[in-house]
Amino acid sequence: MSIPNLPIFLKLQNQPCLVIGGGEIALRKIRTLLKTAAQITLIAPDVVDQIKSLITAGKIHHIASHFTEENFIDCKLVIAATNDRNLNKQISRLANKRNVPVNVVDDPELCSFIMPSVVERFPVQIAISTGGNSPVLARLLRAKLETLIPSSYGRLANLMGQYREKAKLQIPNINQRRNFWESVLQGPVAELLFSGQEKAAQHELENLFDKPDRLLQSRGSVSLIGCGPGDPDLLTFRALRLMQQADVVLYDRLVTPEIVELSRKDAEYMYVGKKRDNHTLPQEDINHLLAKLAKQGKHVVRLKGGDPFIFGRGGEELQTLAEEGISFQVVPGITAAAGCASYAGIPLTHRDYAQSCMFVTGHLKDGTVDLDWDSLAHDNQTIVIYMGLIGLNNICTELIAHGMSPELPIALIQQGTTLDQKVLIGTLQTLPALAEQQTIKPPTLIIIGEVVSLHETLSWFEPQAL
Ligand code: SAH
């Protein structure tokens, strides 16, 4: 069986190309072509404003009339983007007559080439075609690939490019060289680059040339990963990628089972959860465990609820690693305040109600609540309290005593962003009693301020309705 199309990448730098049509579709194609530094001539009596700007900026040449056969002379590529099928047909015919590749937007029959859907990681490009059968399917495939391929793959390709000659000289055997590059692309050099440690990546690569044996030693590392407040869809691409490369996964109670399960199936799983007053593993021990496992050459993934650097003791865990010279990276996550606020329809700031927002913890190491009430009791400010349920009564009383209105709205969000999310709304005066009447399941977050009143109109997430 023959395939209908040959996938190729065409060099268009400084080559004359023709786009016919002056609307939104033409604009999209022009933008794609501009990336290749082609010399674009646009033919259209009328053009949309954004195309006008490109013409004024000298990026494209404009002929404000109808096309003639002469326009096709010497041209390397034609795109027909008019909304008149007869015109498009004529364009296609003229281009074919002169053997110029032609694409008629959304009309595969009239095309001599099709424009693929492209995943860009410059200089890496992945082109997807469904043979003109389903542009939507091509787009869906593209979206899938976008999530799988780290955004810095292009930088990785550039780095490899810089060392290609050196590798040829130093590793003349082609099979050995291929093995070398395969290991480099899947090892610490790539990982350092993906996490934005470019210098370290280059240094590591240089080292490998000097001591290729290092490739065989597996060096451990720790990824401290923020997993967001509960909904697995709120994970970042990087979090998921690292989780799927893990040798060991350490997690605690705040990370939902659905999220933990997204880690590599063959990894070793360790629960190091903490409950209030009932520490499964003291923090000190977790810090040392992370270091010990990394020293055994393992890729250790430490999953954290929300963001690791917001009331997450991420700093403490990293200090031990830094002291021991162990390689680590931190992946930010959506903190409970951001997640719960969005899923409860409570904007944390709003031009009419709050110009600032404070994140505080209501629970001190010794179990008491001791907050700077004077700085909290302000109008036009939202307060988000983590770990505040135990102190709820106290918090409301103190805020009223420090001058806040007893009518100030307050929300208690339980298991925010999960299918068990519940939102309890009251005022400083009424909420403590309301909360006592309910069976509340941790974790819970408290949001205080006028913005809470917006919940009534902006609430959209209703998992209980399912
Ligand atoms: N690092 C985490 C916070 C850890 S402190 C973050 O950035 O979100 C733990 C507290 O976070 C809990 O006591 C609770 O107040 C809050 N929290 C975390 N996840 C939550 C959720 N899904 N719903 C409500 N509160 C949550």
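Listed values, structure above:
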| quantity | calculated |
| --- | --- |
| Region 392-424: number of residues that are at negative phi, assigned to a loop (DSSP other than H, G, I, E, B) and more than 10 Å from the ligand (Cβ to nearest atom) | 7 |
| Only listed residue being within 16 Å of the ligand (Cβ to nearest atom) and either touching a helix residue (DSSP H, G or I) at 6+ places or on another chain (Cβ under 7 Å) or outside the structural domain of Val330 (by TED's automatic domain parsing) (or both), chosen from Gly228, Gly196, Gly187, Gly220 | Gly228 |
| Every residue from region 435-457 that is farther than 24 Å from Phe311 by Cα and either hydroxyl-bearing (Ser, Thr, Tyr) or exposed (fewer than 15 other Cβ atoms within 10 Å of the Cβ) (or both) | Glu436, Gln437, Gln438, Thr439, Ser453, Glu456, Thr457 |
| Members of region 249-274 found to be away from the ligand (no atom under 11 Å from the Cβ), in a loop (DSSP other than H, G, I, E, B) and either over 23 Å from Pro442 (Cα atoms) or under 24 Å from the mean Cα position of the chain (by Cα) (or both), listed by number | Glu261, Leu262, Ser263, Arg264, Lys265, Asp266, Ala267 |
| Number of the condition not met by Glu436 [criteria: (1) within 23 Å of Gln381 (Cβ to Cβ); (2) outside any strand (DSSP E or B); (3) away from the ligand (no atom under 16 Å from the Cβ)] | (1) |
| Of the criteria (1) modelled with pLDDT under 95; (2) under 30 Å from the mean Cα position of the chain (by Cα), which one Ile30 fails | (1) |
| Count - residues of region 439-451 that are modelled with pLDDT of 95 or more and more than 15 Å from the ligand (Cβ to nearest atom) | 3 |
| Subset of region 313-326 [within 21 Å of Glu191 (Cβ to Cβ) and either among the hydroxyl-bearing types (Ser, Thr, Tyr) or within 16 Å of the ligand (Cβ to nearest atom) (or both)] | Gly314, Glu317, Leu318, Thr320 |
| Some residue of region 309-316 being surrounded by 19 or more Cβ atoms within 10 Å (Cβ to Cβ), assigned by TED's automatic domain parsing to the domain that holds Arg264 and in a helix (DSSP H, G or I) | yes |
| Extreme residue, surrounded by the fewest Cβ atoms within 10 Å (Cβ to Cβ), among residues of region 340-391 that are part of a helix (DSSP H, G or I) and within 14 Å of the ligand (Cβ to nearest atom) | Ser342 |
| Selection count where residues are surrounded by fewer than 24 Cβ atoms within 10 Å (Cβ to Cβ), at pLDDT 95 or above and assigned to a loop (DSSP other than H, G, I, E, B), scope region 218-235 | 2 |
| Among residues of region 327-339, those that are outside any loop (DSSP other than H, G, I, E, B) and near the ligand (Cβ under 10 Å from one of its atoms), counted | 4 |
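The values are calculated or read from the model by the stated rules, or taken from the named source; none is laboratory data. What you see is a predicted model, and the numbers here were worked out from it, not measured in a lab. Positions of Cβ are backbone-derived with ideal geometry, glycine not excepted, and every protein chain shown enters the neighbour counts.
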